[in-house]
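Report on one structure; see the data block that follows.
Just so you know, all these numbers are worked out from the coordinates, no wet-lab data involved. Quantities reported herein were computed from a predicted structural model and do not represent experimental measurements. Cβ coordinates were reconstructed from backbone atoms using ideal geometry, including for glycine residues, and neighbour counts include every protein chain displayed.
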2 protein chains.
Amino acid sequence: MPKRVDHAERRTEIAEALVRVAGRHGLHTVGMRDVAAEAGVSLRLVQYYFETKEKLLLFGLQHLTERFGERVAARLKATGDTPGPRATIEALLMVALPTDEESRTFHSVLTSYAMLAVNDPALAAQPFIKDPDAAEDTVTALLRQAREAGLLRPGVDPRLEAAGLLAMSAGLGTGILVGQRSPESATAVLEHHLDRVFQGGEPRR
Amino acid sequence: MPKRVDHAERRTEIAEALVRVAGRHGLHTVGMRDVAAEAGVSLRLVQYYFETKEKLLLFGLQHLTERFGERVAARLKATGDTPGPRATIEALLMVALPTDEESRTFHSVLTSYAMLAVNDPALAAQPFIKDPDAAEDTVTALLRQAREAGLLRPGVDPRLEAAGLLAMSAGLGTGILVGQRSPESATAVLEHHLDRVFQGGEPRR
DNA sequence: TTTTTTACGGTACGAACGTACCACGAAAAT
DNA sequence: ATTTTCGTGGTACGTTCGTACCGTAAAAAA
């Protein structure tokens, strides 16, 4: 009974199954059969929608970065009503931290992809965050805006600071993932750093 | 002609072969046969010295973290003669950056291990840096020492700052690895951040 | 000197993997 | 009404992987 099927939708479902099993057992363990089982379809179907495993992996990465981008955007809009550049930046950095199960999956699978990409040109060609430097540009813009409002300490270079902030957040994320650090201590570190970037404010304890 | 052989030495040789092929083709691709070929021994020998792949992987991680620790220590001693806490910290953060081939391998293989450890209890039990928080402790001590010498800006918490610094360095490292950032820009970011942690000094450009 | 380890080679086995092939009912196109 | 295309299942093939088994020369122990 082949009623016409939306390929894009099916591919998305399968890609999400891929991400789920990758989050549970590690990206290196997932085979097409696992993806098929997780998606509740036959192995043949996975083959049908993605001819090869490489293509499935590639699409999975694309999908994951998109989802992540959406998550960030959503978080931004949610915090956007009560602005203040610092709060916005804080929110931006926090979504990257693996606090709940979903963000843990994001972080670990995305990082696994990154490690694959180190020796795989096809994956390396794909960006790991929607428009690679979009996040950096956003934070940079936010910092510039803050500087013009006189909220920044003198001597802070928005571009360099943005890069540092993002890198720190990523590094802290990995730390949480491997259990070296708790989410709370990670946010404390971030908070403390932001205290050193932004002018005045709270004597925080 | 079985002249008595130093097991520890052989195991080390094999482990280094493992690290080399992991660095070249990715940790996920290495099989026992690859390791054997790279080490110039037979598959049987790898089996002989490490009964199982899991044990080989485990030992490989241990060995890698040791090598990394030694590398850091060496760099520290090299910079130790011309002290100044800032120079020392800078050196410490720089060794973690994947600039040459060797450090690229360190970073990528170690990070791959970290991703494996996320869903593998046996690996998760092993630390990824010699004495997990040794680096953090060192940097913290250095910062305290700097503070007492009046070199730090006020309000800097040594412990939190150390954690942030290390996380930033790790994050920048990954950025370099995947080609999102050049080593030069990474050091620029680090430098800029240190400028904001340490008192006075250079008007830098 | 006989016996037991030690260090090592070769090879085969069972499982799992990605992929290719064959089949088939139903809808769309002709 | 016939033919083509689409969505899907099943299954088998070739490869590779980790591991286990068998054998054996030489050194150490007896």
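List of remarks:
- Inter-copy separations for B:Leu45, label at 7 Å along Cα-Cβ, nm, ascending: 5.0
- Between helix A:53-80 and chain A: long-axis angle, C-alpha atoms, 0 to 90°, nearest 10: 30
- Nearest-0.05 FRET efficiency for B:Thr82 and B:Gln62, computed from C-beta distance (R0 35 Å): 0.60
- When only Cα pairs below 8 angstrom with a gap of at least 6 residues are kept, chain A shows a relative contact order of 20 percent.
- Partners for B:Lys77 among lysines (Cα-Cα distance below 19 Å; same-chain residues under 8 apart left out): B:Lys130
- P(r) for the protein assembly as shown, from all Cα pairs and a bin width of 10 Å, is 4, 21, 30, 24, 14, 6, 1, 0 %, short bins first.
- For A:Gln199, the distances from its label point to the matching points in the remaining copies are 2.4 nm, ordered from shortest, with each point set 7 Å beyond Cα toward Cβ.
- Sorted from closest to farthest, the other copies place their A:Gly84 label points 3.9 nm away, with each point set 7 Å from Cα along Cα→Cβ.
- Between the stretch B:143-205 and the stretch A:155-205, the Cα center-to-center distance that results, in Å: 12
- Between the helical axis of A:134-148 and the longest alpha-carbon principal axis of chain A there is an angle of about 10 degrees.
- Modelled this way, with points 7 Å down the Cα-to-C-beta line, the labels at B:Glu184 and B:Arg44 are 5.5 nm from one another.
- One chain, two ends: A:Arg33 and A:Gln199. Fully extended at 0.36 nm per residue, the span grows by 54.3 nm beyond their Cα-Cα distance.
- Nearest-0.05 FRET efficiency for A:Ala73 and A:His7, computed from C-beta distance (R0 25 Å): 0.45
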